[in-house]
Amino acid sequence: MLIAGFPAGAWGTNCYVVAPAAGEECVIIDPGHQATQGVEETLKKHRLKPVAVVLTHGHIDHVASVVPVCGAHDVPAWIHPEDRFMMSDPEKALGRSLGAQLMGELTVGEPSDVKELTDGAQLTLAGMELTVAHAPGHTRGSVTFGMPAAADIPPLLFSGDLLFAGSIGRTDLPGGSHADMLESLARVCLPLDDSTVVLPGHNEHTTMGRERATNPYLRQVAAGLGDGLTSPRRGM
């Protein structure tokens, strides 16, 4: 398994390129603000051929490079229908202006081929199995992508802005819901094995074992006391 990740753009959003091995087909996860160059360098370095872009949610810091990346490689983008409008109207998704200078660096709109994600869907892409879990809270259409353990890797969770190392995604933007976030954490994250490697939308990777033991939000959800903490204002 090859997983190449890098933080991109003004918000340091993690973009991941995932493939069975170098020289094979791959999937691109969350090509956000100013991610195009990093994607192309990663593809060239590992001799990879993209077959799809998959998106954990629709905020502009996760989707800003979808149009150029999909267009350059003639591949579809997968997104949950609740967040699809955000690709064409990012300011509505945030409830505030991004500013003219920043908007000039963004490619707003949809790629030519958009496919919609559903909860529990099993995507077979580039010879890999990705399990979709609808995980609202940060946005109405947030999802995670799970991958099963293989001979050389533990289970994986691409968590988007649901779960971070030591924290969780913010819920104060349009479409966010603290109650939904707590339910998603309980339903999507808590059942996972401690060995699961969590690859989040921002900052460093972690494991479910570490988060179960140390993440104050996850610990309170596990104890049925999630309302005791409010979501942080972290990232977009």
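When 112, 184 are compared by accessible area at a 1.4 angstrom probe, the order from most to least is 112, 184.
In the complete set of protein chains, residue-level accessible area for residue 115 is approximately 80 Å², probe 1.4 angstrom. Here the contact order of the range 148-196, divided by its residue count and restricted to Cα pairs under 8 Å and six or more residues apart, works out to 36 percent.
Distance between the C-alpha centers of the range 172-201 and the range 105-146? Whole Å please. Taking the Cα centre of each part, the range 172-201 and the range 105-146 sit 15 Å apart.
If only the Cβ of Lys and Arg carry +1 and only the Cβ of Asp and Glu carry -1, the dipole of the range 130-225 around its Cα centre is close to 160 debye.
Taken about its Cα centre, the range 1-133 carries a charge dipole of about 300 debye when Lys and Arg each add +1 at the Cβ and Asp and Glu each add -1 at the Cβ.
About its Cα centre, what dipole magnitude does the chain give when the only charges are +1 on Lys and Arg Cβ and -1 on Asp and Glu Cβ, stated in debye to the nearest 20? Roughly 380 debye for the chain.
Note on residue 96: accessible area is roughly 110 Å² with a 1.4 Å probe, heavy atoms of protein only. Contact order for the chain, expressed relative to its length and based on alpha carbon pairs under 8 Å spaced 6+ residues apart, stands at 16 percent. Taking the chain as a Gaussian network of alpha-carbon nodes connected by springs under 10 Å, the highest mean-square fluctuation of the residues 152, 30, 89 belongs to 152. Calculated mean residue ellipticity at 222 nm for the chain: -5500 deg cm²/dmol, from DSSP H runs with n ≥ 4 weighted as -39500 (n - 2.57), summed, divided by the residue count and rounded to 500.
Sorting 127-135, 13-21 by average packing, meaning the other beta carbons within 10 Å per residue, from highest down gives 13-21, 127-135. Take every pair of alpha-carbon atoms less than 8 Å apart whose residues are at least six positions apart; their mean separation over the length of the range 1-126 yields a relative contact order of 22 percent.
The values are calculated or read from the model by the stated rules, or taken from the named source; none is laboratory data. Quick caveat, the model's predicted, so the values are computed rather than measured. Every residue, glycine among them, receives a Cβ derived from its backbone with ideal geometry; neighbour counts consider all protein chains shown. With ligands, DNA and RNA removed, areas are computed over all heavy atoms of the protein, side chains included. Shrake-Rupley method; radii C 1.70, N 1.55, O 1.52, S 1.80 Å.
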